[in-house]
Structure formats: structure tokens, C-alpha cells
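Peer 1: Let me give you the structure first, and then I'll get to my questions.
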């Protein structure tokens, strides 16, 4: 198989094969695609076309395709299948974590019928237990399929157990070692297992320095652990320290992508997790709240300007620089908050020392403000007839950049301290706030410096 670019030409080709009922040619094309490519193809097909394509996919590959499909496309696709078909063709061939993930995205009534149709009662029970955990916690991300061995076994017994358990585990990274009551003691890599003497006890070769998480650990902490310690798999234990599952790096990658998309949407002023394929009213509902906040901010700005109507009548030239002051304040605020949000998301920026971080940002703002203000001063002295206005606008710009930078740093850190997603601090919120702040500073300095001359 080769990687394939799923472009418009290829999609039209596949559609033509379906319309002409050339199933053998269609099967040949689909057999040559990786599951990820098939999923991308299905994302661009309607329900009936998707079903025709999946007929050409073997059971093992079909499971991977289903997991890789976009959530809304997957939900629509599964509507064309009866619960028993979903259970037998897809769910029973999945790992427990993937099965729970897929089932959580379909209607509750149909979900229950699918689980009831599973013949493996233990597997069905595992899925139900995973579905009871809160979203974006270790419990909801983990799979219960893993290879474990007792602390008192020999290396030879452990290898035999791997052979027995391997058929239920797609990929084996390590063997987890537990005591008689299933508490996690440590792990042993396959390399160490092979190199150890056959009759050595696992207690003698096990690595007890193992990183694990509880079922309630949040996904962001888990992602940071994978990144910091370069992990490919992470064991999950319950409140008693008993081994209950494992999280693999592919599950964490999906979480990171979802959280990045969510943060990007929040920073853009979108309050729900939406996709370009969603209905118009859903997209509108997700965008409208922050637009309304921006509208209210604009109304507040206009009322604020009205307070200085007298000043503008006497010195109308001050109005020329209002857009510049507001825009610079908004841009500086967004820059500062974006850096802070990124640092908080990567866990490289704590909140225990807020003052030093604000002071550092203040120094950065002072340097940037001086450069921008001097450039503006030079421009105004060259092209403006009023020296007083030139110094007033430059002073106001320096002050606005400093205030906006400090505000853009402080707000996301304060929100994070209050357990509120700091991503909402960027974008429309900071921009609107700094527009008002910028105008307030500009007119206040203008009244002190310019109008008094």
C-alpha cells in the first residue's frame, strides 16, 4: 500500500466506480489505501456511498477506518446500520477504549442496543465501565487490554503468558507486573524479558520506577507526562493502586489535537466545538456570544468617545489617531495573552509567581513601546504641523502598549488560577477590553498634555 492524496479527482473517480457498480475495481482501489486514507475518503462521501465503500473493506481494516473518521461523519455513517450489525462488524473487533469512544457519539438508545448485542460479556462490561468515567480523564482514555504478570512468576512463565494474552492486545510495549491483589508494582520491557534468565523471578528483574496515573487524572496532565518523559504508554491505576488499564501515545495525540482545536476556537471567539460541516444555526450559535460582547464593547467605546466630544470639537485632529491607538492596544494584548496561554497549556508557566512574570512582560512592553512610539514620533514630526500632538500621541501609545501588555499577561493567569480556561482571555475578550483601555488612556493623556497647551 502507498499513501494516497484524497483530492477532488480521486473522489470523483471513486464516485464513478460506485455509480457504475464496478465493485471489483472499487475493491482494488480501496484495498490499496491505508485506513486513514479510507477514513478521509469517507469524510467526503454521503451515507450510501460510504456504505458501498465499507463493503469493500475487511473487518480488521474497517475498525481502524471507523475510528479515524470525523465524529459527525461517523455518527451519520452508523445511522445506516442496525445495532447488531454495528456490534458484530465493528465494536467487537475494537479495543475497549476505541469502542467506548465510538459508542459515546451515537444516540443513547442505540448505544444500549449495540452493547446488548455483544456476545463477549466481559468485553461489554469493560466498555460500560469506561463510559462511566468523565470525559478527558485517564479513565475515559484508557484501554483495559494489556499484558500483565504476577510478581512471583518466573521469566519463562511471563513469556508464556504474553503468548496467551497477546491475541487480545494490538500492540505490546511492556509487561506490567502486579502483586497478588493486582496492585501495580512495576514493569519489564520485552528486551529485558528476553535477556533475563528463564527461571529468574520477575521480582528480581522488574523495574519498579514506573510512572502511572489515576483514573481521574485530567487529559492535559497526561499529555504533559507523555511529552516530558517521552512515553509511548502509561499505566492507569485506581484508588487502591490496582492496575486497571493503559493509555497509548496515539490516544494522547488525539486529545492534544482536540484541545488545540478547542483553544484555537476559544481564542477566535467561538464558544462551542464546531466544524465547518456543521449546520448554519450551530455555527451561528457558537460564534454569536463573542460577537455580542464585541458589539457591546463597541457601543461602550462610542459612549466613551462621546464623553470627550468637547475635546474633539476643540482638537478634532486627535480623532485621526484613535484607530491606531485602539488597534495597537488590541494587538499587544492578544500577543501577550497568547504567549501566556501557550505557556500554561504546555505546563511551562506556573501561576505561583505572577508578579515576576508581569514585571518581565512589563520590560518587554517598555522596549517595544519605546520603539513604536519613537517611530510614530518621527513620522508625526515629519508630516504633522503640531509638535504638541506628536508628543501626546507617542506618549499615549507607549502607555497603551504597557497597560495592554500587563493586562494581556495578568488576565489569562488569573483565569487559570480560578480554574477557568485561559484561552477565552485571548481574541475578542482582550481586543475589546484593550480598545476601551486604549481610548481611555489616549484621551486622559490628551487632556493632560495636549489640551492644556
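Peer 1: Quick check on my filter: what residues within the range 194-233 are under 30 Å from residue 160 (Cβ atoms), in contact (Cβ under 8 Å) with a residue 24 or more places away in the chain, within 38 Å of the chain's Cα centre (by Cα) and assigned to a strand (DSSP E or B)?
Peer 2: 213, 233
Peer 1: Does residue 196 satisfy being within 30 Å of residue 102 (Cβ to Cβ) and buried (at least 18 other Cβ atoms within 10 Å of the Cβ)?
Peer 2: No: the conditions fail for residue 196.
Peer 1: Here's another thing I want to ask about it. Can you tell me which residue among 33, 17, 66, 26 is buried (at least 19 other Cβ atoms within 10 Å of the Cβ), within 30 Å of the chain's Cα centre (by Cα), more than 24 Å from residue 246 (Cα to Cα) and modelled with pLDDT of 85 or more?
Peer 2: Of the residues listed, the single one that is buried (at least 19 other Cβ atoms within 10 Å of the Cβ), within 30 Å of the chain's Cα centre (by Cα), more than 24 Å from residue 246 (Cα to Cα) and modelled with pLDDT of 85 or more is 33.
Peer 1: So, one more: What residue, among those in the range 310-330 that are in a helix (DSSP H, G or I), in contact (Cβ under 8 Å) with a residue 24 or more places away in the chain and more than 42 Å from the chain's Cα centre (by Cα), is nearest to residue 384 (Cα to Cα)?
Peer 2: 317
Peer 1: Scan the range 69-90 residue by residue and report those that are within 25 Å of residue 28 (Cα to Cα), more than 21 Å from the chain's Cα centre (by Cα) and outside any loop (DSSP other than H, G, I, E, B).
Peer 2: Correct list: 77, 78, 85, 86, 88, 89.
Peer 1: With respect to residue 115, determine if the residue is at pLDDT below 85, in contact with a helix residue (DSSP H, G or I) (Cβ under 6 Å, 6 or more places away or on another chain) and either within 24 Å of residue 64 (Cβ to Cβ) or assigned by TED's automatic domain parsing to the domain that holds residue 205 (or both).
Peer 2: Taking the combined requirement at face value, the residue does not satisfy it.
Peer 1: If you go through the range 140-160, how many residues are outside any loop (DSSP other than H, G, I, E, B) and either within 15 Å of residue 200 (Cα to Cα) or touching a helix residue (DSSP H, G or I) at 6+ places or on another chain (Cβ under 7 Å) (or both)?
Peer 2: Final tally of qualifying residues: 12.
Peer 1: Among the residues that make up the range 365-378, is at least one of them outside the structural domain of residue 227 (by TED's automatic domain parsing), within 27 Å of residue 225 (Cα to Cα) and modelled with pLDDT of 80 or more?
Peer 2: Checked against the condition, which is being outside the structural domain of residue 227 (by TED's automatic domain parsing), within 27 Å of residue 225 (Cα to Cα) and modelled with pLDDT of 80 or more, the range 365-378 yields no hits at all.
Peer 1: Residues that are crowded, with 20+ Cβ neighbours inside 10 Å, touching a helix residue (DSSP H, G or I) at 6+ places or on another chain (Cβ under 8 Å), assigned to a helix (DSSP H, G or I) and assigned by TED's automatic domain parsing to the domain that holds residue 332: does the range 383-390 have at least one?
Peer 2: Taking every residue of the range 383-390 in turn, at least one turns out to be crowded, with 20+ Cβ neighbours inside 10 Å, touching a helix residue (DSSP H, G or I) at 6+ places or on another chain (Cβ under 8 Å), assigned to a helix (DSSP H, G or I) and assigned by TED's automatic domain parsing to the domain that holds residue 332.
Okay, residues lined up against (1) modelled with pLDDT of 90 or more; (2) within 16 Å of residue 146 (Cβ to Cβ); (3) in the same structural domain as residue 67 (by TED's automatic domain parsing):
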| position | (1), (2), (3) |
| --- | --- |
| 198 | no, no, no |
| 214 | yes, no, no |
| 223 | no, no, no |
| 227 | no, no, no |
| 230 | no, no, no |
| 238 | yes, yes, no |
| 264 | no, no, no |
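Peer 1: Somewhere in the range 110-131, is a residue without any contact (Cβ under 8 Å) to a residue 24 or more places away in the chain and more than 18 Å from residue 92 (Cβ to Cβ)?
Peer 2: Taking every residue of the range 110-131 in turn, none turns out to be without any contact (Cβ under 8 Å) to a residue 24 or more places away in the chain and more than 18 Å from residue 92 (Cβ to Cβ).
The values are calculated or read from the model by the stated rules, or taken from the named source; none is laboratory data. Small disclaimer: the values here were computed from a predicted structure and weren't measured. Virtual Cβ from ideal backbone geometry, glycine too; neighbours counted across all protein chains shown.
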